[in-house]
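A short write-up of the structure that comes next.
The values are calculated or read from the model by the stated rules, or taken from the named source; none is laboratory data. Note that the structure is a prediction, hence the values are computed from the model and not measured. Note that we place each Cβ from the backbone using ideal geometry, even for glycine, and neighbour counts take in every protein chain shown.
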Amino acid sequence: KINYYDSTFSLHLCYEALIGIEAQYKFYLANHKSNKYSKGLNSSLFTSGTCFGDEGFMEYHTMTDKENGYIFDKEIIKIGVQIVLGDPVFSGRTNLEYVEGLGESLRLQWQNKSFADLTLVTAQAEWAAHKVILASQSSVFSEILTNSTDEHPVNYINVSDAECGEVESMLEFIYSGSVSSTTNLINLVYCAHHFNVTGLKSYCENRLRFGITCDNSLERLILSHDYDLNQLKTSIMAYIVKNKCPTLKGESLETLITYPALLSEIGSFFTEMVHW
């Protein structure tokens, strides 16, 4: 924003975003000789609708001087602004603090079984849960619970081992975003796939990319193929090449032959590695 006065003119920097921010700023002018006129950096807390600047940035006669002034043809002024942004300034808790607090609250709700209104039942155990949480994180649970009515409420959901052999770990992820290091991640992939739990398949994929060995490479390779875990698949194939694993020999090869699309993909990958 530019304002003209009798003997000076002012420059102001205005801010319209909703989140406040601390910023340093400096204005400068350039003339036809490439000389620059500027003032030192100023620091201000910008909030929506605020303007900060210099009421007497330059004397009018300095700006309009014909020899060394800062007005170009057709009364054009070239104004530059240097801005150094600081951290956003929030009122109350930051977004990160809010997310962390919400996550901790959900975890405690699960651990304490507070206000639980649903039970997941397997042949081995039962787990208390909350309908709204499961429905928000799983399209399958959402569809099941949509059919719940006052006359026919859905208060129990039976889960077979074939559908999910890691129910407790699945619930742990839904409520906390992570699972313990002892969890069988391969079984958890089955749970993620069957119940379509938001983010769980990607979480398992990232964990499975660590700890690849020649001994487990075949099992994880087939898993990555069956459940579209492409990053895991690439990591395994690269590991097999680097460590010269016998995954493409003997019984392992006989198993891979039953997966022709995967075997073709492995062949293409190895060919590219050789050419590279």
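Quick notes on this one:
- Residue match in region 75-83 (condition: outside the structural domain of Glu172 (by TED's automatic domain parsing), assigned to a loop (DSSP other than H, G, I, E, B) and at pLDDT 70 or above): yes
- For region 250-258, the condition holds for no residue, the condition being that it is in the same structural domain as Ser105 (by TED's automatic domain parsing), surrounded by 12 or more Cβ atoms within 10 Å (Cβ to Cβ) and more than 22 Å from the chain's Cα centre (by Cα).
- Every residue from region 127-166 that is charged (D, E, K, R) and crowded, with 18+ Cβ neighbours inside 10 Å: Lys131, Glu166
- Hits in region 102-126 - residues which are part of a strand (DSSP E or B) and surrounded by fewer than 19 Cβ atoms within 10 Å (Cβ to Cβ): Thr119, Val121, Glu126
- Residues of region 48-74 that are hydroxyl-bearing (Ser, Thr, Tyr) and modelled with pLDDT under 70: Ser48 alone.
- Scoring Ser180 on the criteria (1) assigned to a helix (DSSP H, G or I); (2) at pLDDT below 90 leaves a single failure, condition (1).
- Restricting attention to region 167-198 and to residues that are farther than 17 Å from Ala129 by Cβ and in contact (Cβ under 8 Å) with a residue 24 or more places away in the chain, the residue that is surrounded by the most Cβ atoms within 10 Å (Cβ to Cβ) turns out to be Val189.
- Taking the criterion of being within 14 Å of Val167 (Cβ to Cβ) and out of contact with any Leu (no Cβ under 8 Å at 6 or more places or on another chain), the residues of region 98-131 that qualify are Thr119, Val121, Thr122, Ala123, Gln124, Ala125.
- Among (1) in a loop (DSSP other than H, G, I, E, B); (2) closer than 30 Å to Ile174 by Cβ; (3) of a type in the set (A, V, I, L, M, F, W, C), the one test that Cys214 misses: (2)
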